[in-house]
Amino acid sequence: MTIRHSEADRVVDEVSAYIHQHIREPITLHRLARHAGYSPFHFTRIFKNRTGLTPMYYVSSVRLQRAKDLLLHTRLTVRDIALEIGHQSLGTFTTRFTERVGVTPAQFRKTASMIPRS
């Protein structure tokens, strides 16, 4: 199956918007593929070809960036932030955050708060 660049860009743009709008909900590969109108296999190929990331890694990255923003700019608890980005388990959120960032969410917030703002 060959897909034109403009069609691939449309698919990625629509799915990216969908992810941002539904970040609090469970997001699966099947759900994203269905939204795009492709099988999970073909959708993954299209998405990875255009972005360099698998769809689920992209979802994880969007969630991680949202969590960082909330940690830096709100007083929400880490538990509330986990829920805000679609994690039902504080433990899972903390583990995934720590694996990707290198520090716990609480350490990230504390370290960032010590950096002077210009």
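Within the stretch 32-47, the residues that satisfy the criterion of being of a type outside the set (S, T, N, Q) and either exposed (fewer than 15 other Cβ atoms within 10 Å of the Cβ) or in the same structural domain as E84 (by TED's automatic domain parsing) (or both) are R34, G37, F41.
For beta carbons closer than 6 Å, sequence separation of 6+ or different chains, a first residue in the stretch 32-60 that is under 15 Å from Y18 (Cα atoms) and a second that is part of a loop (DSSP other than H, G, I, E, B), the qualifying pairs are V59/I27.
In the stretch 94-107, the residues that are of a type outside the set (K, R) reach residues that are not in a helix (DSSP H, G or I) with C-beta atoms within less than 6 angstrom, at least six apart or across chains, in these pairs: T94/T104; T98/T104. Per this entry, Q65 is not counted among residues that are outside any helix (DSSP H, G or I), under 15 Å from the mean Cα position of the chain (by Cα) and not aromatic (F, W, Y).
Is it the case that the stretch 46-55 has a residue that's assigned to a loop (DSSP other than H, G, I, E, B), under 21 Å from F93 (Cα atoms) and in contact with a Lys or Arg (Cβ under 6 Å, 6 or more places away or on another chain)? Looking through the stretch 46-55, at least one residue is assigned to a loop (DSSP other than H, G, I, E, B), under 21 Å from F93 (Cα atoms) and in contact with a Lys or Arg (Cβ under 6 Å, 6 or more places away or on another chain).
The values are calculated or read from the model by the stated rules, or taken from the named source; none is laboratory data. A quick note: this is a predicted structure, and the numbers were derived from the prediction, not measured. Every residue, glycine among them, receives a Cβ derived from its backbone with ideal geometry; neighbour counts consider all protein chains shown.
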